[in-house]
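Colleague: I'd like to ask you about the structure that follows.
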Amino acid sequence: MVKNFLKAFAGEIANDQEADSVPDTRLDSHARRLEILDDFEQAGITWLWATDTDSHLIYLSEKAAENLNKPLDELIGLPLVALFKNDPDNPDEKSDRPFKYHLSKRSKINDLVVHRIPSTFGPEDRPTWWMISGHPKFDDAGHFQGYRGNAKDVTVEYQRKLEDSRMAEFDSLTGLANRHRMNNRLNSLLGAFKTANRSCAIMMLDLDRFKQVNDTMGHPAGDELLKQVAKRLRSIVGKSGEIGRLGGDEFQIILPDLDDRGKLGEMAEKIVKIISQPYPIDQKIATIGTSIGIAIAPFDGVAKDDLIRSSDLALYAAKNSGRGQFRFFSANLKNDEEERRTLVEDLRDALVNDQVELHYQPVVRTDDHIVVGFEALMRWVHPERGEISPAVFIPIAEELNLINQLGEWALRRACRDAQLWPKSIWVAVNVSAVQFANNGFPEIVMNALATSGLDPERLELELTESVFMGNSDTIDTTFKVMKEMGVRLALDDFGTGYSSLSYLRSAPFDKIKVDKGFVDSCTQKDKNSAKIIAAIISLSEALGMETTVEGVEAFDQFTLVCSKGARYIQGWIYSKALKLEEIEEKLGSGEFRIEPAGPELYRPDRRTVFRRIGAIHENHRYDVVMRDLSQSGVMFEGLLGVPLGTKLVLDLGGGQLVVCTVTRSDEATVAAEFETPLVSDGAGGLCTRHRVSPYDLCAAGMPLAALPPGNYPLTPDNSPASGKPRFMQVAVGGS
């Protein structure tokens, strides 16, 4: 069989009768040719193969069958495409179309690298790559006879090439894609998606407090931390996107065909939560966090640089708002970046010019509503911008290395103020991980107490789990000195980390503070927050500690946490933070007693707003003013005579269109329920899950003034809708 095939392969088509008439010298030449081809095959320099008209194997070199670890007679008759496909690890080609395409189109194949299909011969076989060449064979009448070709094993060379390619496109530390690969991937996706009007989201991640890990635990610990972060990101993102490490502690996630801000927000929240859990490294614990900026094409940019710029701005906003948060890009973030640069300089001046002050939020005993203590909270009153949130300026202080200076000032001021209060009332001061890890911190506390004359038992230091990230010897020493001094210690934000119980065992805390996040959802039946609050209170009592429940705002929350055993509450149901003068006035008459006051039910999603939006009914668009917004509905003013049950489309701006049904119509005030609930925008606001492309809005006839900035095609449909209005529009609100 081999001789006959080689004769055909070599071009020998003479039959036996013709062979009789061929001169001996020509027969000798043919014989030598067959012998050379036979030797060529046996040497393994290359293998020969051939197919029939249906691309099934009719010939394969015996050496090739040995390479495939399969008997030759089992290979003959198999479709060639059942054995091989295009290489799945080749970044330039992810489909098997070219190989099948060549065979189906009967075109010439030149040095095509193919990968053996693993399932063909079982999982125990080694990966194999072949380089295949072949040409179609036709008879004199032009009829296709099959393929004739050669092949060789290029596994070693190709694996080396793949490894070299991988090193050029992947981060050697984490195994994630590097900046070069991520840029190419994003360029490719955006280019392909633009014509199909498909979406693509990107997340930019920055690790919070990563520098502290390098500084306190060393760079090898930092490297190990990055590896663990990469592993956690893979477990969250899975196959829905590609993750890259751009350098340092910067990561990027590309999520093709995803524009649902509800799903993106849920993923971002999960990433923040999982990344923030403690990391075991060399018998120590490291705690970091992450901030995330999210941008979505085509709404926030259609080119790579524009989209990355938008996600960067969203990331800056997340970090500036207190970190450990996510933000979606919005047009006003461009101004926020410049504003933050100004705040950085202003904060230095604020410390010099005494613009930072302390306000005090009462901690109240639930049995008799008597104030037992206050938590000192920093407030920055800017001479031009007014009050600036601590969530904004505290991260700036940490970046500028001003946190020690700011923290020492707060400690001294709080001790001085508390000395003027009755001896039964204590004061709590928040201490950052950077402060607590400072070798000189105990001396600062001693000096603050000595200067003010405050009894150490009336000073409470509130710490978070992040204090355990530093040098364990220094931390242990500081804890010991604080207890010897008589200062009280409280673990803040309890229940938000995996290692809280081990901290209670190893550190001498006097109090646990239940995190506000549990209180916000404690009245929701589908949550376990109420059970968690009860468990924390029971645990605290068993360990001989006090418990303070933070963030109680409504009576349904108040009733529930009290039923679970809460003895001390700090929240708006009693009071917001007060100025020193207000406290002194209240304490002038003796005990400070506060009666609880607030809404009956907690409504976290209700927001009072004043914003102009559009109300669309059929082919009419009306300008109205939104007054109240929640996840499930809205109240707006500006229309008269709207019947109950009327379907409207509200234009919230930026391509956010939401369908709603009118549930109340009173004079010019209209209340409506959304068909699809809104979702969190990551900034304390609400947004629609999906947005409508600006191009689609233009095509639908939306007025150009109502569209976000951009260059849109002008068409006859761009004109505002006209016709007889259904409802009477009334003037509402101010400018």
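Colleague: Over 21 Å between C-alpha atoms is what I'm after, so list which of 513/576; 319/527; 100/137 land there. Can you show the working numbers first?
Modeller: Details: 513/576 17 Å; 319/527 28 Å; 100/137 17 Å.
With Cα atoms farther than 21 Å apart: 319/527.
Colleague: So, one more: Percentage of Cα-Cα pair distances in region 635-693 greater than 14 Å, rounded to whole percent? Before the final figure, lay out the partial values.
Modeller: Values: 975 of 1711 pairs.
So the pairs more than 14 Å apart make up 57 percent of the total in region 635-693.
Colleague: Now for a separate question. State, to one decimal in nm, how far the label point of residue 474 lies from the label point of residue 372, with both points 7 Å from Cα in the Cβ direction.
Modeller: In this crude label model, residue 474 to residue 372 measures out at 3.4 nm.
Colleague: Here's another thing I want to ask about it. Given 0.36 nm per residue, what is the gain on full extension from residue 585 to residue 81 after removing their alpha carbon distance, in nm?
Modeller: Numbers: separation 504, 0.36 × 504 = 181.44 nm, distance 8.75 nm.
This chain segment gains 172.7 nm when fully extended.
Colleague: Further, regarding this structure: Are any of the pairs 211/284; 194/304; 231/270; 423/483 more than 18 Å apart by Cα-Cα distance, and if so, which?
Modeller: Working: 211/284 16 Å; 194/304 12 Å; 231/270 14 Å; 423/483 20 Å.
Violating the 18 Å Cα-Cα cut-off are 423/483.
Colleague: Using only the Cα atoms, what convex hull volume per residue in Å³ does region 284-411 have? Don't skip to the end; give the middle numbers.
Modeller: Details: hull volume 23.8 nm³, N = 128.
Per residue, the Cα convex hull of region 284-411 comes to 186 Å³.
Colleague: Which length gain, in nm to one decimal place, applies between residue 623 and residue 676 when the Cα-Cα distance is subtracted from 0.36 nm times their residue separation? Could you put the intermediate results ahead of the total?
Modeller: Numbers: separation 53, 0.36 × 53 = 19.08 nm, distance 2.19 nm.
Working it through step by step, the gained length comes to 16.9 nm.
Colleague: Rounded, prolate or oblate: which fits region 223-366 when a ≥ b ≥ c are the square roots of the eigenvalues of the alpha-carbon gyration tensor, with rounded for a/c under 1.5 and prolate only if a/b beats b/c? Mind showing how you got there, number by number?
Modeller: Working: a/c = 1.83, a/b = 1.24, b/c = 1.48.
Cα axes put region 223-366 in the oblate bin.
Colleague: OK, next. I'd like the FRET efficiency for residue 659 and residue 211, computed as 1/(1 + (r/R0)^6) with the beta carbon distance as r and R0 of 56 Å, rounded to 0.05. Mind showing how you got there, number by number?
Modeller: Details: r = 47 Å, r/R0 = 0.84.
The value I calculate is 0.75.
Colleague: Computed on alpha carbon atoms, what radius of gyration and Dmax characterise region 127-285, expressed in Å?
Modeller: 22.6, 81
Colleague: If one puts a single equal scatterer on every Cα of region 237-318 and applies the Debye formula without solvent, what log₁₀ I(q)/I(0) results at q = 0.15 Å⁻¹?
Modeller: Here the Debye-derived log intensity ratios amount to -0.61.
Colleague: Using θ = phi - 60° and the Karplus form 6.51 cos²θ - 1.76 cosθ + 1.60, what ³J(HN,Hα) does each residue of region 304-317 get, whole Hz, x for Gly and Pro?
Modeller: Result, rounded to whole Hz: 4, 4, 5, 5, 5, 4, 5, 5, 5, 4, 5, 5, 4, 5.
Colleague: Report P(r) for region 512-616: all Cα-Cα distances, bin width 10 Å, range 0 to the bin holding the largest distance, values in whole percent.
Modeller: 13, 38, 27, 16, 5, 1, 0
Colleague: If you plug each phi of region 350-356 into the Karplus form 6.51 cos²θ - 1.76 cosθ + 1.60 with θ = phi - 60°, what whole-Hz ³J(HN,Hα) values come out, in order, with x for Gly and Pro?
Modeller: Using θ = phi - 60°, the values come out as 4, 5, 6, 8, 6, 8, 8 Hz.
Colleague: Would you mind checking region 248-271 for residues with the amide N under 18 Å from a putative spin-label position 7 Å along Cα→C-beta of residue 524?
Modeller: Only 261-271 pass the distance filter.
Colleague: For a quick check: with amide H placed at 1.01 Å from N, whose amide H comes under 5 Å from residue 639's, ignoring anything fewer than 5 positions away on the same chain?
Modeller: Amide H neighbours of residue 639, under 5 Å, 5+ apart: 730.
Colleague: What distance in nm separates the two pseudo spin-label positions at residue 593 and residue 443, each 7 Å out from Cα along the beta-carbon direction?
Modeller: Using points 7 Å along Cα→Cβ, the separation is 4.8 nm.
Colleague: Please work out whether region 377-490 counts as rounded, prolate or oblate from its C-alpha gyration tensor, where a ≥ b ≥ c are the square roots of the eigenvalues and a/c under 1.5 means rounded, while otherwise a/b larger than b/c means prolate and anything else oblate? Could you put the intermediate results ahead of the total?
Modeller: Details: a/c = 2.09, a/b = 1.15, b/c = 1.82.
Note, shape of region 377-490 comes out oblate.
Colleague: Going by the alpha-carbon gyration tensor, a ≥ b ≥ c the square roots of its eigenvalues, is region 561-647 rounded (a/c under 1.5) or, if a/c is not under 1.5, prolate (a/b greater than b/c) versus oblate?
Modeller: Numbers: a/c = 4.51, a/b = 2.51, b/c = 1.80.
Prolate, since a/c reaches 1.5 and a/b exceeds b/c.
Colleague: Another one. How far apart, in nm, are two points set 7 Å out from the Cα along the Cα-to-Cβ line at residue 235 and at residue 35?
Modeller: 6.8 nm
Colleague: State the extension gain, in nm to one decimal, for the chain segment bounded by residue 110 and residue 609, taking 0.36 nm per residue of separation less the distance between their alpha-carbons. Intermediate values should be presented prior to the final figure.
Modeller: Numbers: separation 499, 0.36 × 499 = 179.64 nm, distance 6.70 nm.
Going from the current span to full extension adds 172.9 nm.
Every number in this text was worked out from the coordinates using simple rules, so none of it is lab data. Source: prediction; values computed, not measured. FYI the Cβ positions are ideal-geometry reconstructions off the backbone, even for glycines, and counts take in every protein chain you see.
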